[in-house]
1. Within the stretch 334-350, list the residues whose amide N lies under 15 Å from a label point set 7 Å along Cα→Cβ of ASN17.
2. Only Cα pairs under 8 Å and at least 6 apart count here; give the relative contact order of the stretch 120-221 as a rounded whole percent.
3. D for the stretch 100-252, whole µm²/s, Stokes-Einstein with Kirkwood Rh over alpha-carbon pairs at 4 °C and 1.567 mPa s: what number?
4. So if R0 is 30 Å, what FRET efficiency would ALA412 and GLU360 give, r being the distance between their Cβ atoms, rounded to the nearest 0.05?
5. For the stretch 179-225, what is one quarter of the convex hull surface built on the Cα atoms, given in nm²?
6. Straight-line reach from LYS208: which lysines have a Cα under 17 Å away, not including same-chain ones fewer than 8 places off?
7. Using a Förster radius of 51 Å, what is the FRET efficiency between HIS326 and ASN65 based on their Cβ-Cβ separation? Nearest 0.05, please.
8. Angle between the Cα long axis of helix 320-336 and the longest principal axis of the chain, 0 to 90 degrees, nearest 10?
Amino acid sequence: MAIPVPDLDELRAISQNWNLGLHDDELSVYQALIEGALGSYEYVDAMYDASKPAAPERHSYHPANGDNQLGAWYVRCELRESEFGPLTGKTFAIKDNVAVAGIPMMNGSRIVEGYVPTIDATVVTRILAAGGTILGKSACEDLCFSGASHTCATGPIRNPWDTSRTTGGSSGGSGALVAAGEVDMAIAGDQGGSIRMPSAFCGNAGLKPTFGLVPYTGAYPIEWTIDHLGPIARNMADLAAFLTAIAGPDSHDPRQPHAPSGIDYSAGMDVGIDGLRVGVVAEGFGWDGLSDPDSDSLVETAAHRLADAGAIVETVSIPEHRDALHVWNVIATDGAMWQMIRGNGYGMNYRGRFDPEQIEHSHRGWKANAQLASKTLKFVMLCAEHTISHTGGGAYARASNVRPQINAAVDAALADYDVLCYPTLPFPATKIPSSDAPIDEYVARALEMIPNTAVSNVTGNPDLTIPVAAGNGMPVGMSIVGKQWDEALLIRVGRAYEKLVGGFALSPMAQAGTGN
């Protein structure tokens with residue numbers, strides 16, 4: 001994209017904005033210097049255009065219209081590139097913040113609407129190489145900044161257990177489609193719980209992997225240090241096979257210097273948990289004004305039921321668990337403003353693969369459609385612009401500097417226990433608010449459920465949610481947290497519980513085969 005030479009009015013405005021104290025005769029000199037510098041920008045554009053790979057030919061997609069009663073699909077397609085592999089015969093939805101070349105991507109937002117990626121995200125490449133079939137893009141929340149499912153620009157996403165209720169967000173479409181039996185598995189994203197929240201609300205198993213285990217390359221970022229991709233499935237066997245296919249470093253994601261590769265997460269899944277030490281985190285229960293006593297009781301019962309499989313289950317106190325929400329609030333608010341909104345998704349200052357076309361599309365989208373952003377996004381923008389204008393980023397820096405305190409506390413608990421357990425969410429799925437709900441109600445319903453899920457985004461630890469109750473009401477999920485890179489152990493624990501209860505309950509839609 002050719003960048004024009006600035007005129008004196010533009011340079012004068014920049015000088016005044018930054019209080020540079022430049023006069024017009026000085027600005028004329030700088031104008032000539034800038035004109036010379038722009039030659040490098042044009043040179044790099046030519047290099048990029050010459051090296052950019054050709055986009056795959058994919059035209060067999062269509063909007064999700066009449067066959068979309070849950071509002072969970074954004075675009076339907078059918079992509080298959082290999083007849084053989086560990087995922088052969090399995091169907092997948094891809095969260096619509098993840099690039100599938102040639103297939104429109106909206107990221108739940110009028111800001112991004114109309115963008116068509118030209119390169120597959122790494123996880124998409126790996127699903128197709130492993131024999132999986134992609135059936136479409138799952139709808140998600142507006143730029144993924146919501147833990148409920150009412151901020152998506154195409155309309156609310158509905159829970160297959162009760163269509164008046166939220167699926168959770170921001171990967172609401174992924175959670176709903178798996179729970180409804182529309183697909184076997186789905187890619188989801190997670191910055192504050194967005195794999196685990198829709199999994200827990202919809203009765204699925206969902207895993208936020210260790211930070212960096214699954215490449216984020218090709219997914220629309222929110223904040224570099226909390227961005228994760230991971231799997232949602234209806235059972236542990238599918239979840240393990242899915243993670244095996246997508247985990248491990250690629251050459252484009254700088255978050256992965258220590259990520260292991262080549263692990264079969266299905267191996268040893270049925271070894272059992274005899275003698276395993278389980279710590280039930282006291283601070284994960286009883287959130288004032290939030291926690292549903294029945295949900296707390298169901299999760300506590302489920303955790304202690306692991307003793308029936310031979311585990312040693314004890315209560316443990318981690319006071320810093322309650323601190324993590326506040327650390328996350330600052331990092332997610334100021335960090336998202338700096339990277340996702342000001343930086344049009346990617347920001348700068350790291351060595352990884354960028355999507356310049358997506359950045360420029362978002363830049364134009366903010367100029368044209370900012371007024372169409374969700375109330376939740378507008379809250380984040382107003383709050384962050386205020387805090388950044390007062391601290392210049394100092395608040396974010398302080399949150400980052402106290403972050404290791406949370407890690408140290410979780411690590412200390414995991415030195416005594418193999419895994420930690422607590423409710424994934426404080427309450428079951430709530431009613432979807434109306435589009436004209438008061439701002440405070442709209443925002444509260446979008447963000448109120450994250451106090452337990454945010455902890456593992458702060459620390460980067462792997463966090464698996466499994467359904468521990470369903471059938472007589474709405475699903476309830478239990479989080480199982482482990483040491484960094486110890487996903488295999490979490491899957492063993494999840495599998496042990498699944499066997500104890502005879503399998504996870506299916507939603508009425510999945511049982512009847514009526515989800516669409």
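The values are calculated or read from the model by the stated rules, or taken from the named source; none is laboratory data. Note that this is a predicted model, so its numbers are computed, not measured. Cβ sites come from the backbone with ideal geometry, for glycine too, and all protein chains shown count toward neighbours. When the accessible area is computed, the model is the full protein with side chains, heavy atoms only, and any ligands, DNA or RNA have been set aside. Shrake-Rupley method; radii C 1.70, N 1.55, O 1.52, S 1.80 Å.
1. Under cut-off, by backbone N: 342-344.
2. Working: 169 pairs, mean separation 26.2, N = 102.
This gives 26 percent for the stretch 120-221.
3. On the way: Rh = 15.1 Å.
Translational D for this selection: 86 µm²/s.
4. 0.05
5. Working: hull surface 15.1 nm².
Convex hull of Cα atoms, orientation-averaged projection: 3.8 nm².
6. LYS95, LYS483
7. Details: r = 43 Å, r/R0 = 0.84.
The value I calculate is 0.75.
8. 30 degrees
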